[in-house]
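The structure under discussion appears below in the form of structure tokens.
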Amino acid sequence: MWRRSLLRAGMGSSRIAWRTDLQRAHRYFHSSRPLFVVKPFLLADIGEGIRECEIIQWFVQPGAKVQQFDNICEVQSDKASVEISSRYDGVIKKLYYDAGDMAIVGKPLVDIDMAEIPEDTSELGDVSAQQEQSKSEPAAAQETGSSQIRTSSIAEGMEAAAMNGSGNSGRHRSLATPAVRRIIRERSLDITKITGTGKDGRVLKEDVERYVEEPAEADKSSAVAAGRPRSAPTQSLEEETVPLTPMQNQMFKAMTRSLSIPHFLYADEAGIDRLVTLRNTINKNLAQSNDSIVKKISFMPFFIKAVSVALEEYPLINCRVDLTDESKPKLVTRPQHNIGIAMDTPAGLLVPNIKNVQQLNILEIAAELNRLQAAGSTGKLSAADLKGGTITLSNIGNVGGTYVAPVIVTSEVAIMGIGRSKVIPAFDDEGAVVPKTVVNFSWSADHRVVDGGTMARMACLVKKYCEEPELLISKLR
Ligand code: CO6
């Protein structure tokens, strides 16, 4: 999904440049081959200012023969996963990284020996053949003589990985199609721990699903890293060191950057009985309506709209801090209310945003929230869904917990936390005890640019719109 937008953002043009280069290299290759010998193949600039990428997996190992455009490895940056293909024909001499390492843009990825093309290629792992095989699914129809060579070289690759004791650091991970690998990555699983039941041990989608339901004992450590609950108590009392999942790596970097922001927390309680009544009325009607694509709404669309309407009065809370010139910090105002929603997905925390909330009504917000939730739960959020947020809401209420102190990202100046609503005893105007539905709203703001008074006033307005939703509705266009 990210790959598509990355291609649009620049990969496409760099591929074209490579191709022209290639054509030149190809001609040269045939006329003066001995001059090239071993050539380091550098990790090219993949755009968007990306300086390093994680090596997700290698498709080659030392000794493998490659041709131009054969895939060498798959890398993952902050924004996308990309398959890197060879610019040259030759034989891989050296891999500079293990899977899981961070590769630096502009530095060597592999060494390719362009002179060493053996006469009898059947002795080498043929990468193009391996890739062809791993792309075709199901693989049952591979019966030709050449496919036997492929099969053995793939088997060698897997054996080598096993001999390396290769978990994440293996040089050549187990077989799976790119689609299955993506599912594995999104769920932060380790492919080497999943028993593949496809041809030559290929990991199939159903193997992943079976594994998720009943993870093998050996994978307890990756379950720990991904923060999933353990299904059974472990016998081992030894400490383990496990790598961060790709999602944790991103979270680690984003939250480390957030440390540069001096946060303050402001919290209050809102009584939402009228909102509960309004929502019930709307949901009753939606359930009977054939017109609406939304069949039920949660409280979130109201909270989101309340924030957007309040932002009209407090645009500072929708700004970002521009530190391009650190000696002269600036504020960038943003007319769009692209409201980020912290989402608890199978892959971990993701924050897609609903664009231009200022132009949407409650049902339109609900429809977009449903779309993002469905995309989040199936690993289909796009780069566009994740980019461009201007403020975030983090509702922990569906998971549980009354209070939350959320953390701001560097492209925003505030975030709202929402706890689980509950019914408490309260006094009415006559002093009688009555049931009251309350929810805790908390706000973290960047104290470099937002003062407590401004945040409190904005928070009180959001609370008012949630306590008196008729007022919110009166503001809708
Ligand atoms: N109170 C009571 N009930 C709630 C609440 C609250 N706050 N929120 C949801 N729910 C109910 C909701 O009404 C649904 O119940 P029914 O109406 O009976 O169907 C049910 O929980 C499920 O709601 P759902 O989650 O499907 O929809 P909702 O629109 O409320 O929330 C979401 C969407 C994407 C926000 C949510 O699904 C989600 O992923 N929340 C977790 C967000 C998260 O992980 N935040 C932590 C980020 S890290 O902030 C952070 C500082 C740290 C802690």
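In region 438-455, the residue that is farthest from the chain's Cα centre (by Cα) out of those that are more than 18 Å from V404 (Cβ to Cβ) and not charged (D, E, K, R) is G453. Being free of Cβ contacts under 8 Å to residues at least 60 places away in the same chain, more than 14 Å from the ligand (Cβ to nearest atom) and surrounded by fewer than 19 Cβ atoms within 10 Å (Cβ to Cβ) is a property that does not hold for D344. Candidates in region 49-70 are the residues that are closer than 16 Å to Y97 by Cα and not hydrophobic (A, V, I, L, M, F, W, C); of these, the one that is surrounded by the fewest Cβ atoms within 10 Å (Cβ to Cβ) is R51.
Scanning region 462-477 for residues that are of a type in the set (A, V, I, L, M) and within 14 Å of A310 (Cβ to Cβ) returns V462, L471, L472, L476. From the list T245, T277, T256, T281, the lone residue that is of a type outside the set (A, V, I, L, M) and surrounded by 19 or more Cβ atoms within 10 Å (Cβ to Cβ) is T245.
Looking across region 426-469 at every residue that is surrounded by 15 or more Cβ atoms within 10 Å (Cβ to Cβ) and among the aromatic types (F, W, Y), the one that is nearest to L331 (Cα to Cα) is identified as W443. Residues in region 302-312: is at least one within 16 Å of the ligand (Cβ to nearest atom), part of a strand (DSSP E or B) and modelled with pLDDT of 95 or more? No, region 302-312 contains no residue that is within 16 Å of the ligand (Cβ to nearest atom), part of a strand (DSSP E or B) and modelled with pLDDT of 95 or more. In region 278-301, the residue that is nearest to the ligand (Cβ to nearest atom) out of those that are closer than 22 Å to S474 by Cβ and aliphatic (A, V, I, L, M) is M300. Answer yes if at least one residue in region 307-326 is among the acidic types (D, E) and within 27 Å of the chain's Cα centre (by Cα), and no otherwise. Checked against the condition, which is being among the acidic types (D, E) and within 27 Å of the chain's Cα centre (by Cα), region 307-326 yields at least one hit.
Looking only at region 412-428, which residues are within 20 Å of P352 (Cα to Cα), assigned to a loop (DSSP other than H, G, I, E, B) and near the ligand (Cβ under 10 Å from one of its atoms)? Matches in region 412-428: G419 only.
Scanning region 370-411 for residues that are out of contact with any Pro (no Cβ under 6 Å at 6 or more places or on another chain) and not in a loop (DSSP other than H, G, I, E, B) yields a count of 13.
So that you can scan it fast, the table gives a plain yes or no per residue for (1) modelled with pLDDT of 80 or more; (2) closer than 30 Å to K380 by Cα; (3) crowded, with 17+ Cβ neighbours inside 10 Å:
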position	(1), (2), (3)
T20	no, no, no
H26	no, no, no
I46	no, yes, yes
V105	yes, yes, yes
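One residue alone among L278, L286, L265, L349 is in a strand (DSSP E or B) and either modelled with pLDDT under 95 or over 20 Å from S442 (Cβ atoms) (or both), and that residue is L349. Entry remark, region 58-112: residues being more than 27 Å from N249 (Cβ to Cβ), of a type in the set (A, V, I, L, M) and assigned to a loop (DSSP other than H, G, I, E, B) number 1 in total.
Of the residues making up region 386-400, those that are farther than 16 Å from V307 by Cα and either near the ligand (Cβ under 8 Å from one of its atoms) or buried (at least 22 other Cβ atoms within 10 Å of the Cβ) (or both) are I396, G397, N398, V399.
May I ask you to list the residues in region 354-385 that are within 12 Å of the ligand (Cβ to nearest atom), farther than 14 Å from E186 by Cβ and of a type in the set (S, T, N, Q)? Across region 354-385, the qualifying residues are N370, Q373. Filter region 393-437 down to the residues that are hydroxyl-bearing (S, T, Y) and in contact (Cβ under 8 Å) with a residue 40 or more places away in the chain and list them by number. Across region 393-437, the qualifying residues are S394, Y403, T410, S411, S421, T437. When restricted to residues that are crowded, with 16+ Cβ neighbours inside 10 Å and free of Cβ contacts under 8 Å to residues at least 24 places away in the same chain, region 355-371 contains 3.
The values are calculated or read from the model by the stated rules, or taken from the named source; none is laboratory data. A quick note: this is a predicted structure, and the numbers were derived from the prediction, not measured. We place every Cβ from the backbone using ideal geometry, glycine too, and count neighbours over all the protein chains shown.
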